[in-house]
Amino acid sequence: MEMKKQIFICFLWDVLFWVYIYGVAKISLMLKYYSWRTMNTYPTLWAHIFLLLLCGGLILLLVYVGNNYQGTVKSAALEFFIIGIPAFYMATVFLFPTLLSIVGFENLRYPVLRWMIHATVMDISSILLGYELFLLITRLVQIRKATKQPGPEKESSE
């Protein structure tokens, strides 16, 4: 039951993150037009700082919720796939055609929404991807250390 709850929370967090990213893209575009029209960049800078602080709060929420569950290899990998793979897609959306052509899928069609090709969206998604990747690695190392049983010490007979 706990695994199902963790999966649900990861999907819910993904939806929340996508809504946040969509909002950031739209707000950034509106602020860019505002600064072009009024030649006043201070409100856009403050709004950008606030949006990045909100991103930090979202990642803190993910950390807080993620630390409430017992770490297993399955749960760590599942969280990475549920949250990390969409973050990878959003972080590399601009480079995705090149990545696909490298692996042999030149003519593959994939959905790219216009708001996703935005520097802030790719930056925030890259940060989230890095967080999830390093979290996966540290959890796997911690689980491996926890499951390692200390062996009996050999006594030397002299």
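Quick notes on this structure:
- Some residue of segment 112-125 being open to solvent by 90 Å² or more (accessible area, probe 1.4 Å), modelled with pLDDT of 80 or more, in a helix (DSSP H, G or I) and within 22 Å of K74 (Cβ to Cβ): no
- Per-region count, segment 62-80, residues at pLDDT 85 or above and either within 17 Å of W18 (Cα to Cα) or part of a loop (DSSP other than H, G, I, E, B) (or both): 2
- Listed by first and then second residue, the pairs with beta-carbon distance under 9 Å, at least 6 apart or on different chains, first residue in segment 97-124 and within 30 Å of F50 (Cα to Cα) and without any contact (Cβ under 8 Å) to a residue 60 or more places away in the chain, second open to solvent by less than 50 Å² (accessible area, probe 1.4 Å) and not in a helix (DSSP H, G or I), are V112/V93; L113/V93; I117/V93; M122/T92; M122/V93.
- Filtering segment 1-18 to residues that are surrounded by fewer than 16 Cβ atoms within 10 Å (Cβ to Cβ), touching a helix residue (DSSP H, G or I) at 6+ places or on another chain (Cβ under 9 Å) and under 13 Å from L62 (Cβ atoms) leaves F11, L16.
The values are calculated or read from the model by the stated rules, or taken from the named source; none is laboratory data. Quick caveat, the model's predicted, so the values are computed rather than measured. Methodologically, a virtual Cβ is constructed for each residue, glycine included, from the backbone with ideal geometry; neighbour enumeration extends over all protein chains shown. All accessible areas refer to the heavy atoms of the entire protein, side chains included, with ligands and DNA or RNA removed. Shrake-Rupley method; radii C 1.70, N 1.55, O 1.52, S 1.80 Å.
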